Amino acid sequence: MTEEKMGLCWSGTKDQFDNLEKHTQWGIDFVERYTKFVKERSEIELNYAKQIRNLSKKYQPKKNSREEEENKYSSCRAFLSTLNELNDYAGQHELVSENLTAQIIAELGKYTQELKSERKTHFHDGRKAQQHIENSWKQLESSKRRFERDCKEADRAQQYFEKMDADINVTKADVEKARQQAQMRHQMASDSKNEYAAYLQKFNQEQNDHYYSVIPTIFQKIQDMEERRIERLGESMRTFAEVDRTILPIVGKCLDGMTKAAESIEAKNDSKQVVDSYKSGFEAPGDVEFEDYGQAMKRAVSETSLSNSRGESKPEKAAKRPGKLWPFIKKNKLSLKLGSGPEDFSHLPPEQRRKKLQAKIDDINKDIQKEMDQRDALTKMKDVYIKNPQMGDPTSLDPRLGEIAQNIDKLQAEAQKFEGWLAEVEGRLPVKSDAPKRQSVVFSETPNNAPVAPVTVTTTVTVTNNCAQDRESPDGSYTEEPSSEPPVKPADPEFDDEFEEDETLPTIGTCKALYPFDGTNEGTISVAEGELLYVIEEDKGDGWTRVRRNEEEEGYVPTSYVEVFLDNNTKGFKTYI
């Protein structure tokens, strides 16, 4: 192989390495570019999911708002289900972002670092092989130039010897010296020739290995690296599609849920609930009676009638005034402002008032149950402290238990108050009347024998001909014009005796108030802590004791709030705590 051909060969190999180096660097840049693309897609999915979640949260009904009350309609429930499904739908897009990050972005980032390291190793081996063959070539060139130089020196020494040998004027010693010099130069040329031949053989072998073994192996490794890079990129692209495909079943279920919610809307039931919500409970007004202003003329003509001749003439009753037509009546000037109302909701129509009272009673019962649960928990804790004094002081829980007992009493009294109003609305009790009344105290028991404040129930003796509707307007106020028809009096005088107030009861003992009690309900009496009172009726098992402060003030107090001392001539000494 000539020097020119070798130079071209080296130049070609170097160019190939440069081309491969540029291409492999482009491949790494392409992988990083695709990784960046997937990362931006993941961020888009995450932001989209966040916006969808915020949208779903924004339109969720707020607590204690009208929107929450509207959920009784099927269309509102369907919309709420759609919002919930949309929230799950957003979760699937968050899952897409997580899978893209874990399965593609993180994996490709790790693989890119490995690819850069492998590429660096391959090109380092290639440069090392090139450097080795170049060094071998330089050694060959050096040995060849030395051989050439030694050959020229040997020729010159041979010519000088021959010239000296032919010259008769030169001494024999000079001729011998020239001959020895020529022989030495020939020997050096021979050694250079052998060295050059050895280097040439070595170089040819190394060159053969370089082009047929070393370089092809390095190129093959680079090719394998590139093929793995391309395959890995293809797998990432398939994963990119599969990540979306895996969420399609869940997304389909979310969409099916939205469709099912839309199909669950029942227009007739929604309209029926509107009717039930806003119906007033008033009866339709009756026919308007004809008012005959000619009655005065008839009475003047009938003065000579048979009844007058018998002396049985009676003045006629004044004509009954027609009932009010509530849909056409003006509201009372003192009507309640919008958004406010009395505690008993008397400003509402009967049906709406009943619903409000029932809802209020349910809320109070929930609060009572919470207080009872706290009381039970503290009682169990106190029992544990009693059995294991090292865990805590049992007496430290007494103030809290007393506070809970007071809260329960207040809540039960309030519930009883609303129960009385509810009974009035539902017709269990007659409403306002001018007939004689008596008061009787009614108790109710709750679980755990907790006392409930007594409620005074009004019992009506007579029933008027006009119902409550004839005297109560839709806004709960009574008309300013009372009925002209007088109430009917009982025919039997003994009937009144049954409703006379009870006689004054004798005292059966005394009691001392352990806690203050605010007797806000009718039938109860307020006491201060440490106050002494007279006992006129002991606890009948309902949690209440009837006491008297003086001849005019008496009422009921919770038995757990007082310490009772009964007279010895009754039932002996008892203490209720």
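The values are calculated or read from the model by the stated rules, or taken from the named source; none is laboratory data. Bear in mind the structure is a predicted one, so any value in this text is a computation, not a measurement. Every residue, glycine as well, gets a Cβ built from its backbone with ideal geometry; the counts of neighbours run over all protein chains shown. Note: accessible area is taken over every heavy atom of the protein model, side chains too, but ligands, DNA and RNA are not part of it. Shrake-Rupley method; radii C 1.70, N 1.55, O 1.52, S 1.80 Å.
As a calculated quantity, the FRET efficiency between D191 and T217 at R0 = 35 Å, using C-beta atoms, amounts to about 0.45. Looking at the range 345-399, the accessible area is 63 square angstrom per residue; that uses a 1.4 Å probe and ignores ligands, DNA and RNA.
Apolar share of the accessible surface for the range 73-126: 51 percent from carbon plus sulfur atoms, 1.4 Å probe. Applying 1/(1 + (r/R0)^6) with R0 = 22 Å to the Cβ-Cβ distance of R77 and D256, what FRET efficiency is obtained, to the nearest 0.05? That pair, R77 with D256, gives E of 0.85. Excluding G91 itself, what net charge comes from residues whose Cβ is under 15 Å from its Cβ, given Lys and Arg +1 and Asp and Glu -1? Around G91, the charge tally is -2. Per-atom-type breakdown for the range 501-570 gives carbon and sulfur 44% of the accessible area (1.4 Å probe, protein chains only). Full extension of the chain between E176 and I386 yields a length gain of 62.2 nm, computed as 0.36 nm times the residue separation minus the alpha carbon distance.
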